[in-house]
Every structure is written in C-alpha cells, then in structure tokens.
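Everything on this sheet refers to the single structure shown next.
The values are calculated or read from the model by the stated rules, or taken from the named source; none is laboratory data. A quick note: this is a predicted structure, and the numbers were derived from the prediction, not measured. Cβ placement follows ideal geometry from the backbone for every residue including glycine, while neighbour counts extend to all protein chains displayed. To get the accessible areas, we keep the full protein, side chains included, count just its heavy atoms, and leave off ligands, DNA and RNA. Shrake-Rupley method; radii C 1.70, N 1.55, O 1.52, S 1.80 Å.
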Amino acid sequence: MTLPSVTTAVSRDMAHARQRVLSMYRDWLRSAPEIIKLHDLSLTTPMVRRRVRLEFEKKRQVRDLGVIDHLLFKGRTEYEETMNMWKQNAHVMQYFNEEEGLAIPRYQRADGSASFMSKFLRK
Amino acid sequence: MVEVFVDGRPVQVPEGSAAIQACELAGVEIPRFCYHERLAVAGNCRMCLVEVERAPKPVASCAMPVMPGMKIKTNTPLVHKAREGVMEFLLANHPLDCPVCDWGGECDLQDQSMRFGSDRSRQHEPTGRRAVENKNLGPLVKTSMNRCIQCTRCVRFANEVAGAEELGTTGRGNDMQIGTYIEKTLATEMSGNVIDLCPVGALTAKPYAFSYRAWELKRTESVDVMDAVGSAIRVDTRGTEVMRISPRENDDVNEEWISDKTRFAFDGLKRQRLTHPLMREGDRFVPCTWEAALGRVADAARAAQPEERIAVAGPFADAESLVALKDLFNRWDSEHLFLETNAPELVGQPAGFADLRANYLFNATIVGAEQADAVLFVGTNPRHEAAIINTRFRKAFLHNRCDFAAISPEMTLNYDCVNLGDSLAALTDAKHPFFERLRAAKHPMIVLGSGLLERPDAAQHALHAAHALAKTCTNAAPGWTAVNFLQRQASAAAAFDLGFAATTAAAAAKRPAAKFVYLLGADEVAPAALPADAFVVYQGSHGDAGAALADVVLPGAAYTEKSATYVNTEGRVQRVRAALTPPLAARDDWAILRALSEFAGTPLPYASVQGVRARLAEVAPSFAAPNVQAAQPTALAVAAAVAAKAKPSKAKAKALPAVTLPVTDFYLTDAISRNSRTMAQCSRAFTHQIAESAHEAHIAV
Ligand code: SF4
Ligand code: FES
C-alpha cells in the first residue's frame, strides 16, 4: 500500500512545530520493524530506532521556524521514500555504514582524513 | 594591413593573406576541402568559389591573394550555383558508402553536401563511378581510395610536415590517384595525422576500423603523456573503453598534429592491466585486499633502515604522486629518490643538475625551436624522443635553412643532418666547420638528450661543454638560451621541479644496498640494480617488467583514468583529465601513496586532490598556474654561472664512453606501448622493416 504524500504546511508557532516534529518522530519509530521487513535489512529494531533518534538529535538545537518546517518537509519526504520503497536497500544502508564497521574507526581523525581512508578501502 | 569588403562589410587583413582568410575574419564561413591553414595552398577542389567584383567568373578564395579595396561576395546566386556544381562533380564519383564509412558523421563532404549541395540527383545509372585500387600504406592508415576527392591534403602534409616524400599523386584529371608510386608503406611517425586531414573517409584508421560511430563517443579533452611534449589530445570513449585518440589544437605545443604513438598506443590500455592488489606467494601472484597489501608494504618499509629505502619513478608518474611519494619517503627520513631516466643503474644526477630549472628544460620552447638556424643534437634523436618538436625542427629546416649536426650514433632524420661522430670529444673540440655556423647563428640551439643522464659524468661533461660552446655563440639574439635539454618522459620535468630526482651521483654511490624498493611505474630498472633480498613494491597500471620484480603490486590508474598534472619538456604545467574510471580495484596513484602513509603511521597532511595540488604549488610555485609555460628569467644567469665553473677538458672527454641513443624503437618505449598490438605491428613494419606476408597484406587492404 502506498503511503500518501504529505502536503507541506506552515507551523503557527513553536508549540505547533513541536507537535508536528513529535508526530513525525513517532511515525518513524513505529515503522522501524516495517522498514526492516520492507528493505530486508540485517538490523534489529532498536538499531533502526537509535539511528532515527540520532538524526533528530542532530537537529535538536534548531530554533528557526522556517528551518524547522523545511526539515519537517525533508523528513517526511525521506519517510515517504523509505516506506514506499522508492529507496533501495543501499540507500537505506547509507545511514548504517558506520555501524556496519565499514568505516574503520582506526582512521577516524580530526582533519577529515577518516573519510579518505574509508572511501579508499571501500570503493 | 589592407582593407577588403566581404559582403559589403569592411575588414582589415594582413597583406598577402588569401581571400578565404579575409572572409573568415569577417565571420563568413567558406566551404572548403583542400585548403588548410597549416599546409601550402593547392587550390584544386574549387569548393571555395566566391564572387569578386569585376572578376569575370567566380574565383577560388583560398588561392586568391587579397587586394586593397577588393569586394568579395559570398552569398550571391552565382556562388550558390557554383558550389552546387562543384558538389555535384565531387559526388558523381564518390561512392555512397556513408553508412559503412568510419568517417560518417564527421565527414566534410557529407556536411557540405547537406549544406551546399543540390537537393536532388541527376545521376540515374547505378554504375559508371570511378573505381580506384586501394593502397596498402602500412599498419596504421587504411585506404578506401574510391572515396578520395583528390584534395591532396595528405600529400602536402606528408611532404611538408612529416617529410615523407613517398606519398604523391600520379595521373591527372579523372585518373589522378594518391599513392606511394611503388608498393611502399608510409614510414613516418606522424602518419596518423593524414586521417584527420582527409576531408572524406578515404584515409581512416586501420587499427580501430569499424569499431565505433562518431556520435556514440564521449569526448574528453586531455593531454598526452607518451612523450615529454604534452600534446593536446581528445580522448574519445565509449562505455569503459577508449575508442580513439585525436589531436586538439594547441599552437604552443603540437599545433594540431600528434605522433602515431600518441594516437595509436591506447590499445595497450586494455591489455595486461593491474586490477587488484597482488602479493607474491612463492612464484605466483595472489590477489588480495588493499588492507592486506598496504599493511604488508608498511611493515616491509618499517623493517628497513632509512638509508636502505629507495624509490624509482617511471615515465608516467604524475606530479601529484611524485610529490606524495617524496613527502612519504622524507617522512621516513629517506632521500634516495630516482627517476627512471637514470636507471637502469640507479646512478643519480650530476651534482647541481637538478638545482636549476634551465638545466633540465627545453629553454628555447617548442615554438621557439621553429626559429632556430643552427642546431646541434647531443645524444638525442628528436624524431624518436619528441616527434612533435621534430616537426618544428623540420619547419626550421624548410623556412630558415637551418643547419643540423648530431653527436650521436647514425640516425635518420627527415631533414639533412651532419653526423659528427659519437664521441663527446667532438663537442669539447668544436673544430668541425659546423661549429663556425653555430657560432654565427642568430638562434643557435644545442640540444642535450635525456639519454646522457644514464652516465652522470658524461651528462655533466656535456652540459659544461655545451655552456662553454654557447658562450662563444656571440651572435645569438638577446634573451636567447642556446643550451636546451630534451626530456623524453612525461614525468621527468615535474620530477626535477619537485626535487624528486635530486639525488646526486655522489650520494647515490655511497648508499648501502637497498632493502625496500618502491617502483612508481618504473619498468626499466635493471634487475641487477636491485639486491635479491630487497622487498620490491610496484605501483602502476600495467603488469610489465617492473611488476614482475615485485613482492607486492598495487594497481594504479593509467593516464586516461586520472585527473593529474604533468610538466612538459619546456616546463609547461598541464592537466590530464579522466575519461574513464580506473579498472576494478585500481586507484588514483597519489591516493595509494596517501593510504600507504596512513598504514605506515606517518600520514601525509593532505586527503584530497586539491590538498595535493596546494602542496605542489608550495613545493614548486610553477604548479600554481597550469597551462602556462613558465618563463625562465634565470636562464641566462644560470648559463653564466655554469659556464664559469665549466672546465671541459679534452682528455676527459676522450675517456668517456661513446654517446648512445636511449630510444632505439620509437614504437615500443614504455609499458603502454609495449602492450599495444598496434605498436608491435608498427615496430615490425617500420623499425624492423619486415614486410607483411602476401596474405596479411591482402587482409590489410
Ligand atoms: S586521400 Fe583524402 S586527403 Fe588525400 S587527396 Fe584523397 S581526399 Fe584528400
Ligand atoms: S579550398 Fe579553395 S580550391 Fe579547395
């Protein structure tokens, strides 16, 4: 069953925005088992939920209503793409590559060379 | 300057130019077949007819010199009619081959018949077209002589630029034919250019005949690395394969020609490629992961003492990987870096040679070589080592009556050249009458070949003697540097610029036996120069001689697969662009070294190609501005400084061994050309002059 697209909306105030964010967050958490099944991921539900939470935490400090609305829109698009299988396994797995151990932590360095080594060895 | 009017518009053109050039300046394109800016005017195709006021009939604009106040009309019914008529005559005898012709889609005749030809044919009989026998011009140029429209561009090119006088015309009128009179191949290293010049598909490429259609190809503008000239090329690819290489225009370097090696050696890119890291186990190579390979290399490097680690760069090493390799070795406190030119024996440079840019560059510049009026070659055959520069020398020969002499073994050039023997004593003596001519010349050139570097003492002696000689050239134009060094490998100038090849002969002689050897695409190292117990790493694109010596092989990218910087023999910094991605697990060369540095625990401070380029500019400022030929303001001062020190003694010169030529077979010089089937055929046909068997010749035509 295809998930219907969500129309864009403008948040009235902070409280409204917060409510919309939480509702999207819940949607993501609820869908975690479904995502694993759909995309045939070799991950557990808590792993997916932890990853979702990480994405939300990254944006926790955003206070600008316009930016929040924009992020909401992007989150919804991402959700739609994931649930409708417009993404493929590899796209979903892009979020998990570090956990997979593909980027070897030994090369994590402050100057950004981590990405160089992980790219070099993985390609 | 004279003023002429093209379709009523006034234009200023230099005196003596042709009407077609005036039209071009006015922005009016005149159709043409035989006219070519870089060749003599023939005026035999008549496609460029225009109307000139007060002339009784249309005139061929390419053969018509401009006259002051001349009024040219290019857009009148008479002109249209004339073009249509010429087209009709040409097409009457041209086969309707377009669907199976390699030139289809790029053909001047095709394009122009669409634009200027008549829209219907008056020819109804299916037979009766002119038929001409095909000629066998050797393994490179395929002929389909029915298609020839007798523009004679190929003949003019062969005679003027390539100096191969065997190509010519026989017969006249309808019976005129292009050929070599007797069964003979077109033996010149520039022959491929006639393929581009031929406005129709009469001359096409034999090695890759029928393998592509022009519109399927992806075009990438790049620079050639088969020699140190750095010709501008276009790499045409389809999917993951290079289908063809053709020249781009660059007036400062290659005009619009390229040598046959540049054009045809690319099939070597598809054979013997290294695609995975390999590790030696007993007497075989086993594919492994990058982690395993780099880990093993790093361990081996750590196990050796700093003095026991050496690196050798080969002919295709780009500046990025050279600087990364140098930085890496310096981090390991190792300084023994060599350039393959000095191999096979790994002897190092003459003292002070790498310190001054003017020592190792072609100071007169490639364009400047055209002005030369007396040239002395020392240990170099420009025809083999820099075929494009040789065309400039030929120009000097034709237009300036330049005199040539060579201190080298006997060689065949496509202009007159006096051989002064193969002993450097001839240079020190400077007794031969030719030297009088050199001293009196306005633009004298002494061209030292890179083969001299195989013996540092000989190179040093030659350099000093050359400077001493240059000092006596009192007639030289101000600002002219007579002493030139001709590199033959694309990596050489960059290596010197970066201080990569700074190891002096004295230091090299003192170093202990190597325990860890890093070959960056170096295939010509004499196995004897490497101790049997040394750990050898080969990084490169081809499984050639160098890889056979290795304990670990790291697959790198070939020049069509990377974006990299090269410096040509005149010091021009140029960028090669990637047309393809490296095959399978192969990687960009600088990135391999960067990754190795990480495994060795001595990471290099750059992680992106921009970072490496910033480092390049830091080491040698000339890298900051690609595509310019950096001036050498110090050249004269340097010459003076070197000459002051120079005390070339005759006795010493006599003791030196005879000068040899480093390239004996133009077609087989490096890993790519050695793996090219086309180059092997050329070597057989041209270098060794082995005739094809009757059967082969039959297939070839
Ligand atoms: S072979 Fe081509 S270049 Fe040569 S004369 Fe014929 S049409 Fe012209
Ligand atoms: S281009 Fe003028 S006659 Fe051929």
Task: Pairs beyond 25 Å (Cα-Cα), from A:Lys74/B:Lys218; B:Lys270/B:Lys326; B:Lys395/B:Lys431; A:Lys87/B:Lys270; B:Lys326/B:Lys515; B:Lys431/B:Lys654 - done: A:Lys74/B:Lys218; B:Lys270/B:Lys326; B:Lys395/B:Lys431; A:Lys87/B:Lys270
TODO: Using only the Cα atoms of region B:2-92, build the gyration tensor, take square roots of its eigenvalues as a ≥ b ≥ c, and label the shape rounded, prolate or oblate: rounded if a/c is under 1.5, else prolate if a/b is larger than b/c, else oblate.
DONE: oblate
Open item on the list: Check which residues have an amide H placed less than 5 Å from B:Ala205's amide H, if you skip close sequence neighbours.
Closed with: B:Lys142
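Could you compute how fast region B:436-533 diffuses translationally, taking Rh as the Kirkwood radius over C-alpha pairs and applying Stokes-Einstein at 20 °C with viscosity 1.002 mPa s? Give it in µm² per second.
Numbers: Rh = 16.2 Å.
Taking Rh from Cα pairs, D becomes 132 µm²/s.
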TODO: Please report the relative contact order for region B:2-92, taking Cα pairs under 8 Å with a sequence separation of at least 6, and give it as a percent rounded to a whole number.
DONE: 33 percent
Task: Centre separation in Å (Cα based) which lies between region B:18-56 and region B:202-270 - done: 29 Å
- [ ] Would you work out the relative contact order for region B:214-356, in percent, from Cα pairs under 8 angstrom that are 6 or more residues apart?
- [x] 12 percent
Open item on the list: Before I look further, what does chain B give for accessible area per residue, probe 1.4 Å, in whole square angstrom?
Closed with: 39 Å²
Open item on the list: With θ taken as phi - 60° and the coefficients 6.51, -1.76 and 1.60, list the Karplus ³J(HN,Hα) couplings across region B:70-82 in order, rounded to whole Hz; mark glycine and proline as x.
Closed with: 4, 10, 9, 10, 10, 9, 10, x, 4, 5, 4, 5, 5
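Given Cα pairs under 8 Å that are at least 6 residues apart, what percent is the relative contact order of chain B?
Dividing the mean separation by the residue count of chain B yields 15 percent.
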Task: Separation between Cα centres of region B:325-352 and region B:183-201, rounded to whole Å - done: 41 Å
- [ ] For region B:434-487 and region B:584-604, write down the distance between their C-alpha centroids in whole Å.
- [x] 42 Å
Task: Estimated FRET transfer efficiency when R0 is 45 angstrom, pair B:Ala351-B:Glu249 (beta carbons, to 0.05) - done: 0.60
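Once the Cβ-Cβ distance between B:Glu160 and B:Glu106 is put in as r, and R0 is 25 Å, what FRET efficiency do you end up with, to the nearest 0.05? Intermediate values should be presented prior to the final figure.
Numbers: r = 24 Å, r/R0 = 0.94.
Efficiency at R0 = 25 Å is approximately 0.60.
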Open item on the list: Viscosity 1.567 mPa s, temperature 4 °C: give me the Stokes-Einstein translational D for chain B in µm²/s, with Rh taken as the Kirkwood radius over C-alpha pairs.
Closed with: 47 µm²/s
TODO: At most 12 other Cβ atoms within 10 Å plus a DSSP loop assignment makes a site exposed; report the longest stretch of chain B without any exposed chymotrypsin sites (Phe, Trp or Tyr not before Pro).
DONE: B:211-701
- [ ] Please list the non-local residues whose amide H lies under 5 Å from the amide H of B:Val483, H modeled 1.01 Å from N, same-chain partners needing a gap of 5 or more.
- [x] B:Ile446
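Based on the Cα gyration tensor of the protein assembly as shown, what are the three equivalent ellipsoid semi-axes, each the root of five times an eigenvalue, rounded to whole Å and given largest first? Walk me through the intermediate numbers first.
Values: eigenvalues 534, 362, 137 Å².
Rounded to whole Å, the semi-axes are 52, 43, 26.
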Task: Straight-distance crosslink candidates among lysines, where the alpha carbon sits under 22 Å from B:Lys57 and sequence neighbours closer than 8 are dropped - done: B:Lys71, B:Lys73, B:Lys81
Open item on the list: Please compute the length gained on full extension between B:Arg54 and B:Glu241, using 0.36 nm multiplied by the number of residues separating them and subtracting their Cα-Cα distance.
Closed with: 61.7 nm
Task: Estimated vicinal HN-Hα couplings, Hz - region B:268-273 in sequence order (Karplus 6.51, -1.76, 1.60; Gly, Pro = x) - done: x, 6, 9, 10, 6, 6
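Ignoring trypsin sites (Lys or Arg not before Pro) that are buried or in helix or strand per DSSP, and keeping those with at most 11 other beta carbon atoms within 10 Å, what is the longest stretch of chain B between them?
On the way: sites that count: B:Arg54, B:Arg120, B:Arg122, B:Arg172, B:Arg401, B:Lys431.
The longest such stretch corresponds to B:432-701.
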Open item on the list: Show me you know the interface measure: the accessible area buried between A and B, both chains summed, probe 1.4 Å, in Å² to the nearest 100.
Closed with: 1100 Å²
Open item on the list: From the helices alone, meaning DSSP H stretches of at least four residues, give me the mean residue ellipticity at 222 nm for chain B, per-run term -39500 (n - 2.57), in deg cm²/dmol to the nearest 500.
Closed with: -7500 deg cm²/dmol
Open item on the list: What distance in nm lies between label points placed 7 Å from Cα along the C-beta direction at A:Thr45 and A:Asp69?
Closed with: 3.6 nm
Open item on the list: Using the Karplus curve 6.51 cos²θ - 1.76 cosθ + 1.60 with θ = phi - 60°, what ³J(HN,Hα) values do you get for each residue of region B:374-384, in whole Hz, with x for Gly and Pro?
Closed with: 7, 10, 10, 9, 10, x, 8, 10, x, 5, 8
Task: Extended-chain gain in nm, criterion 0.36 nm per residue less alpha-carbon gap, B:Ala506 and B:Asn400 - done: 33.9 nm
- [ ] Between B:Ala532 and B:Ala303, with labels modelled 7 Å along Cα→Cβ, what's the label distance in nm to one decimal, could you check?
- [x] 1.7 nm
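Can you classify region B:477-627 as rounded, prolate or oblate using the Cα gyration tensor, where a ≥ b ≥ c are the square roots of its eigenvalues, rounded means a/c under 1.5, and otherwise it's prolate if a/b beats b/c and oblate if not?
On the way: a/c = 1.64, a/b = 1.19, b/c = 1.38.
Cα axes put region B:477-627 in the oblate bin.
Residue separation times 0.36 nm, minus the C-alpha to C-alpha distance between B:Ser118 and B:Ala209: what's the value?
On the way: separation 91, 0.36 × 91 = 32.76 nm, distance 3.07 nm.
Stretched out fully, the B:Ser118 to B:Ala209 stretch lengthens by 29.7 nm.
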- [ ] Along Cα→Cβ, 7 Å out, is where each label goes; now give me the distance between the ones at B:Arg677 and B:Ala614 in nm to one decimal.
- [x] 4.7 nm
Open item on the list: Check which residues have an amide H placed less than 5 Å from B:Val6's amide H, if you skip close sequence neighbours.
Closed with: B:Val11, B:Ile72
TODO: Round to the nearest 0.05 the FRET efficiency obtained for B:Arg284 and A:Ala90 when R0 = 35 Å and r is the Cβ-Cβ distance.
DONE: 0.50
